[in-house]
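**Student:** One structure follows; several queries about it will come next.
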Protein chains: 2
Amino acid sequence: MADGTRARQREQTRRTLLAESRKLFAAHGYGAVRLAEIVRAAGVTKGALYHHFDSKSALFKAVLGQVHEEVGAKVAATADAEDGPWEQFTAGCRAFLLASTDPDVQQIMLIDGPAVLGWTLWRALDEGASARHLAEALGALIDAGILDPQPVEPLTHLLSGAMNEAALWLAATDDPRALDDAWAAFSRLLQGLVA
Amino acid sequence: MADGTRARQREQTRRTLLAESRKLFAAHGYGAVRLAEIVRAAGVTKGALYHHFDSKSALFKAVLGQVHEEVGAKVAATADAEDGPWEQFTAGCRAFLLASTDPDVQQIMLIDGPAVLGWTLWRALDEGASARHLAEALGALIDAGILDPQPVEPLTHLLSGAMNEAALWLAATDDPRALDDAWAAFSRLLQGLVA
DNA sequence: CCTTTGACATACCGATGGTATGCGAAGGTA
DNA sequence: TACCTTCGCATACCATCGGTATGTCAAAGG
């Protein structure tokens, strides 16, 4: 009977491959992870891997897609919980900074992403997930008259890059006040934008 | 006769390897460049390459060192030509942004660097070259009372990351006003820092 | 000269990403 | 139920690439 055994099994294998490869990519970096490790961790063979993904980089791209989605969802949820464009904007930035502290996000999204897929494709993926929210928030601030009218795109990249690098630094330092210091500095920068 | 033929030849080979590999790394990215291409372009064999460098990543590290030095020198020279800490600071930032527009710098320093060598080592190399100037300039601004006293390190990373990402975006866009827009936005951010 | 040293070239190896093919069970059809 | 098709995956295999071990010949040195 067509009870969907095939589809369920297929989906199960795909999820396992994604989950295990994500762990390995995050822990050791894309270049240091061998396909043999991934399929061993997932309990399948290379045949299964290549049945689901075209290449090692395509598998990585799928993993990166997951990470992007998760970060984007967190940012959107946090921002939507606030009232007023400025509060939504700052809350979203803080949520992004916090989300980017996760080691998986660090290695996969910030370090390997641009190098493995190329900066252009990485940018496009990021655009569809987190950077879009940032651009929208900035646009809302300008519409509300809180920010002077100005091109949104360069500002988006400046702030996005600042938060990315700050997150990487936060992960590398062990100063417990680092997060507060970084957020304070970032807030000061944002103050320069208000009309 | 010991006229230094050996030393000159050795240095010549090393320089050629660095120059040719730099071209290839910049053009195609670290992962897409084969050692066979490099040695062919340099007119030598793999024996020569491994006589001068321990591994492919060691060769890349040497190339990255060159790029870092060049960028750091440009930033320092531009900043030193100005008078007053604020002028030195902004001139240095602008010089860095311009220098980072070069495709070699983009691919080697900003994209592949962290992924190939790991973010920690990359950070250390960057610290010795360009980021150090930024931190010193910020310290001078605080000493001069232009900026409020605050931890310099997080601010360094925020600004460095902002400029890195902005530079990558500048290279990907074809809007001729992009550079001016980006600099205007960056200047606004800096305004938030002044006391 | 004769020996040593060093800057390579040559030949080779193991590992790894990727492919071609085989197979057994799920799912449709009569 | 018998049969055929499809599909999800395993097995076997290949080509390439980073890395190494060894050979070679000219410069350096006494």
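**Student:** Starting from the Cα of B:R177, step 7 Å toward the Cβ, then list every residue of the range A:149-183 with an amide N under 17 Å from that point.
**Tutor:** A:149-156
**Student:** Mind listing the phi-derived Karplus ³J(HN,Hα) values for the range B:186-195, rounded to whole Hz, using 6.51, -1.76 and 1.60 with θ = phi - 60°, and x for any glycine or proline?
**Tutor:** My calculation for the range B:186-195 gives 4, 4, 4, 4, 4, 4, x, 8, 5, 5 Hz in order.
**Student:** Can you pull the mean other chain C-beta count within 10 Å for peptide A:162-173?
**Tutor:** 6
**Student:** Report the paramagnetic label zone for B:T16: residues of the range B:36-73 whose backbone N is under 17 Å from a point 7 Å from Cα along the Cα-to-Cβ axis.
**Tutor:** Residues B:36-53 qualify, since their backbone N sits under 17 Å from the label point.
**Student:** Further, regarding this structure: Restricting to DSSP loop positions (anything but H, G, I, E, B) with no more than 14 other Cβ atoms inside 10 Å of their own Cβ, which GluC sites (Glu not before Pro) remain in the range B:86-195?
**Tutor:** none
**Student:** Something else now. If you put a point 7 Å past Cα along the Cβ direction, how far is that point for B:A41 from the same point in each other copy, in nm, smallest first?
**Tutor:** 3.3
**Student:** Next question. Would you mind giving the mean number of other chain beta-carbons within 10 Å of the Cβ of each residue in B:122-131, as a whole number?
**Tutor:** Whole-number average of other-chain Cβ neighbours for B:122-131 is 1.
**Student:** Still on this structure, I have one more. Going 7 Å from the Cα of B:T120 toward and past its Cβ, which residues in the range A:158-179 have a backbone nitrogen under 13 Å from where you end up?
**Tutor:** A:171-174
**Student:** Taking θ = phi - 60°, what integer Hz values does the Karplus form 6.51 cos²θ - 1.76 cosθ + 1.60 yield along the range A:47-58, in sequence order, with x for Gly and Pro?
**Tutor:** Karplus values, whole Hz, x for Gly and Pro: x, 5, 4, 6, 6, 9, 10, 6, 6, 4, 5, 5.
**Student:** Ranking A:L125, B:L64 by Cβ neighbours within 10 Å, fewest first, what do you get?
**Tutor:** Placing the least packed residue first, the sequence is A:L125, B:L64.
**Student:** Once you order the gyration tensor axes a ≥ b ≥ c over the Cα atoms, which shape class does the protein assembly as shown get: rounded for a/c under 1.5, otherwise prolate or oblate by comparing a/b with b/c?
**Tutor:** oblate
**Student:** In the range B:99-195, which trypsin sites (Lys or Arg not before Pro) fall in coil by DSSP and have 13 or fewer other Cβ atoms within 10 Å?
**Tutor:** Sites meeting the loop and neighbour criteria: B:R177.
**Student:** Provide the FRET efficiency to the nearest 0.05 for the A:H28-B:R40 pair, computing r from the beta carbons and using R0 = 25 Å.
**Tutor:** 0.20
**Student:** In terms of the Cα gyration tensor, with a ≥ b ≥ c the square roots of its eigenvalues, is the range B:146-195 rounded because a/c is under 1.5, prolate because a/b exceeds b/c, or oblate?
**Tutor:** The shape class here is oblate.
**Student:** Would you kindly calculate the translational diffusion coefficient of the range B:84-158, applying Stokes-Einstein with the Kirkwood radius from alpha carbon pairs, for 10 °C and a viscosity of 1.306 mPa s, and quote it in µm² s⁻¹ without decimals?
**Tutor:** After rounding, the answer is 119 µm²/s.
**Student:** Can you give the Rg to Rh ratio for chain B, taking only C-alpha atoms and Rh from Kirkwood?
**Tutor:** Result for chain B is an Rg/Rh of 1.05.
**Student:** So what are the ³J(HN,Hα) numbers for the range A:105-119, from phi and the Karplus equation (6.51, -1.76, 1.60; θ = phi - 60°), rounded to whole Hz, Gly and Pro as x?
**Tutor:** The phi angles translate into 5, 3, 5, 7, 7, 9, 9, 7, x, x, 6, 6, 9, x, 4 Hz.
**Student:** Another question about this same structure. For B:R94, B:R15, what ranking results if the residue with the fewest other Cβ atoms within 10 Å of its Cβ goes first?
**Tutor:** So the residues, fewest neighbours to most, are B:R15, B:R94.
**Student:** Taking a label point 7 Å from Cα toward Cβ, how far is A:V194 from its twins in the other copies, in nm, shortest first?
**Tutor:** 1.8
**Student:** Also, quick follow-up: Mean separation of Cα pairs under 8 Å and 6+ residues apart, divided by the residue count of the range B:56-191: what relative contact order is that in percent?
**Tutor:** For the range B:56-191, the relative contact order is 27 percent.
Coordinate-derived values only; no laboratory data. Everything quoted here is computed from the prediction, not taken from an experiment. Virtual Cβ from ideal backbone geometry, glycine too; neighbours counted across all protein chains shown.
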